Amino acid sequence: MTAIGVSEASEPPFVDHPERAAIYAELHARPTEPIATSARIRRIAFMPMGAGPSLEEVARRFVLFAGQPELPFDDARTRHIKVERGGRKATFELHNEFATLTWQSDLTDREPWPEDIGLDCFAGLQRVSATRVDLTETHTIAEAALVGFNPVSLCYSELYDGRAQVATDFNRDRDGFTRYELAAGQCNVLRRGVLVRRLLEIETYSNFVLLGLPVARALGSTIRQFEGAVSQVMGRVGHAHSTGENREALESIHALSAEVGRSIEETSFRFAASQAYAAVLDTRLRQLVERPIGEFTTIDRYLTNRTTPAVATCLATEKRLQAVAMKLERSAELLNAHISLSLETQNQTILDTISRTSESQYRLQETVEGLSIIAISYYALAIIGYMIEGVSHIWHVDKAIAMLCAAPVVLFLVWRGIKSLRKRAA
């Protein structure tokens with residue numbers, strides 16, 4: 001028997017949502033690693049290119065490199081893999097359209113491209129960003145560390161009410177890395193990890209925000225060509241008089257619409273991604289709680305002054321493309337209406353012509369019928385005349401009077417006969 005108040009284990013009367021495990025895994029994805037000592041942290045962000053391997057293939061490569069059992073591509077453990085080789089801690093992270101490799105080593109590590117952390121797994125991809133964060137346990141950044149920065153673009157600020165300092169000039173060093181100096185001696189080990197991750201994300205996301213700008217600039221001349229072509233087509237729509245001209249204009253609109261649609265399809269994702277990355281970047285920048293040191297600017301101000309115009313350019317370019325597409329759609333509608341009106345006018349003219357022809361044919365038919373009645377009656381009366389003449393000697397019938405009496409009857413009978421035939425034919 002089961003004790004009172006104690007129930008046997010049983011299955012619940014419901015099932016989990018198919019995405020519940022993925023949602024739970026996302027809450028714990030990309031955890032922040034505590035950093036206890038001074039360290040040099042580097043991160044590379046990679047994107048696939050046309051003929052190169054996919055991110056799924058790169059994830060499989062890194063799984064094999066890490067010596068872990070292969071898991072499904074959408075498994076959270078495949079999207080975040082950690083290995084430790086040669087005194088370096090490396091972390092592979094898989095995002096929606098890019099993958100990153102981050103490794104931590106001693107502050108004295110001068111090797112930019114170690115051979116034992118799995119960089120070969122990313123062969124065939126293209127590098128988008130490369131970041132280097134030098135974390136020290138001091139309260140302030142040493143003067144010697146600031147010497148290597150370009151004073152024109154130097155961002156030098158305090159973080160979290162002065163508990164940390166950060167400096168960068170967003171220039172690439174000779175190895176291609178953007179260097180950040182971070183003094184976090186007043187922060188605990190977890191806060192240091194958070195700061196390092198924030199800086200790495202800021203550098204990565206700012207690069208991905210700006211990826212849309214070259215696309216928008218390259219598309220500018222194409223859009224101007226589209227706008228000029230639309231003006232020409234709309235001019236042709238207004239001055240086309242024949243059906244052939246209207247059809248040529250409609251074909252031009254359809255061809256131009258296909259080109260504009262292809263441009264929208266090729267760029268919409270990049271522009272939408274830039275806007276999404278800009279929103280994430282803005283959140284990360286505000287989380288730094290920066291305060292400038294001296295006359296220098298902050299990372300937030302410096303990046304915002306660059307990324308905001310870039311996103312605005314992407315938005316403006318996207319709106320111009322959409323405006324061209326809408327103009328083409330309106331032109332097509334206007335031209336279709338013009339062609340429909342022309343066809344209706346032509347059809348009405350044809351119907352009027354057919355109506356006049358039918359009316360003429362009807363009058364001609366009536367004339368022919370009248371002549372037919374007269375002709376048939378004439379021949380019928382002639383036959384009757386011969387008949388009367390043949391019997392006039394017997395019955396002494398006056399032929400003239402008989403013909404006079406027979407003529408109206410014959411005409412009436414012939415008229416009725418032709419009318420009956422016409423009704424049957426109808």
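The values are calculated or read from the model by the stated rules, or taken from the named source; none is laboratory data. No experiment lies behind these values; they were computed from the predicted model shown. Note that each Cβ is placed from the backbone with ideal geometry, even for glycine, and that neighbours are counted across all protein chains shown. Remember, those area values only see protein heavy atoms, side chains included, never the ligands or the DNA or RNA. Shrake-Rupley method; radii C 1.70, N 1.55, O 1.52, S 1.80 Å.
Of all the residues in the range 264-293, those that are over 21 Å from Ala325 (Cα atoms) and aromatic (Phe, Trp, Tyr) number 1.
With the structure loaded, tell me whether Asp161 is in contact (Cβ under 8 Å) with a residue 60 or more places away in the chain, on the phi < 0 side of the Ramachandran plot, out of contact with any Ser or Thr (no Cβ under 8 Å at 6 or more places or on another chain) and surrounded by fewer than 20 Cβ atoms within 10 Å (Cβ to Cβ) or whether it fails that test. Full working, then the answer.
Working: in contact (Cβ under 8 Å) with a residue 60 or more places away in the chain: yes; on the phi < 0 side of the Ramachandran plot: no; out of contact with any Ser or Thr (no Cβ under 8 Å at 6 or more places or on another chain): yes; surrounded by fewer than 20 Cβ atoms within 10 Å (Cβ to Cβ): yes.
Criteria not met by Asp161.
For the range 166-175, a residue qualifies if it is open to solvent by 20 Å² or more (accessible area, probe 1.4 Å) and either closer than 16 Å to Leu200 by Cα or in contact (Cβ under 8 Å) with a residue 12 or more places away in the chain (or both), and the qualifying residues are Phe170, Asn171, Arg172, Asp173, Asp175. Residue-level check: of (1) open to solvent by less than 20 Å² (accessible area, probe 1.4 Å); (2) modelled with pLDDT under 80; (3) out of contact with any Leu (no Cβ under 7 Å at 6 or more places or on another chain), Arg247 misses just (1).
Within the group Ala312, Ala258, Ala337, which residue is part of a helix (DSSP H, G or I), out of contact with any Asp or Glu (no Cβ under 8 Å at 6 or more places or on another chain), at pLDDT 95 or above and open to solvent by 50 Å² or more (accessible area, probe 1.4 Å)? Don't jump to the end; show me each part of the working.
Details: Ala258 fails: at pLDDT 95 or above; Ala337 fails: at pLDDT 95 or above.
Only one candidate qualifies: Ala312.
What do you reckon, is Ile44 surrounded by 15 or more Cβ atoms within 10 Å (Cβ to Cβ) and among the hydrophobic types (A, V, I, L, M, F, W, C)? Yes; evaluated as a whole, the condition is true for this residue. Return the pairs, sorted by first residue and then second, in which the second residue is modelled with pLDDT of 80 or more and part of a loop (DSSP other than H, G, I, E, B), the first residue lies in the range 1-30 and is of a type in the set (A, V, I, L, M), the beta carbons are less than 7 Å apart, and the residues are 6+ apart or on different chains. Pairs found: none. Selection of the range 161-190 for residues being under 28 Å from Val128 (Cβ atoms), charged (D, E, K, R) and over 39 Å from the mean Cα position of the chain (by Cα) yields only Glu181.
The requirement of being among the aliphatic types (A, V, I, L, M), assigned to a loop (DSSP other than H, G, I, E, B) and modelled with pLDDT of 90 or more is fulfilled somewhere in the range 31-46, by at least one residue. Taking the range 212-222 as the range and being surrounded by fewer than 19 Cβ atoms within 10 Å (Cβ to Cβ) and either touching a residue at least 24 places away in the same chain (Cβ under 8 Å) or not in a helix (DSSP H, G or I) (or both) as the test, the residues that pass are Val215, Arg217, Gly220, Thr222.
Looking across the range 360-411 at every residue that is open to solvent by 90 Å² or more (accessible area, probe 1.4 Å) and among the β-branched types (Val, Ile, Thr), the one that is modelled with the highest pLDDT is identified as Ile383. Filtering the range 108-156 to residues that are basic (Lys, Arg) and either at pLDDT 95 or above or crowded, with 20+ Cβ neighbours inside 10 Å (or both) leaves Arg127, Arg132. If you go through the range 276-304 and pick out every residue that is under 14 Å from Asn207 (Cα atoms) and loosely packed, with under 15 Cβ neighbours inside 10 Å, you end up with 2.
Taking first residues from the range 43-56 that are farther than 14 Å from Thr100 by Cα and partners that are among the charged types (D, E, K, R) and surrounded by fewer than 19 Cβ atoms within 10 Å (Cβ to Cβ), the Cβ contacts under 8 Å between residues at least 6 apart in sequence or on separate chains come to Pro53/Arg61.
Of all residues in the range 262-283, those that are within 19 Å of Leu195 (Cα to Cα) and in a helix (DSSP H, G or I) have Cβ atoms under 6 Å from Cβ atoms of residues that are open to solvent by less than 20 Å² (accessible area, probe 1.4 Å) and small (Gly, Ala, Ser), 6 or more apart or on another chain, in Leu281/Ser206.
In this structure, Ala51 does not satisfy being modelled with pLDDT under 95, among the aliphatic types (A, V, I, L, M), surrounded by 14 or more Cβ atoms within 10 Å (Cβ to Cβ) and under 27 Å from Tyr205 (Cβ atoms).
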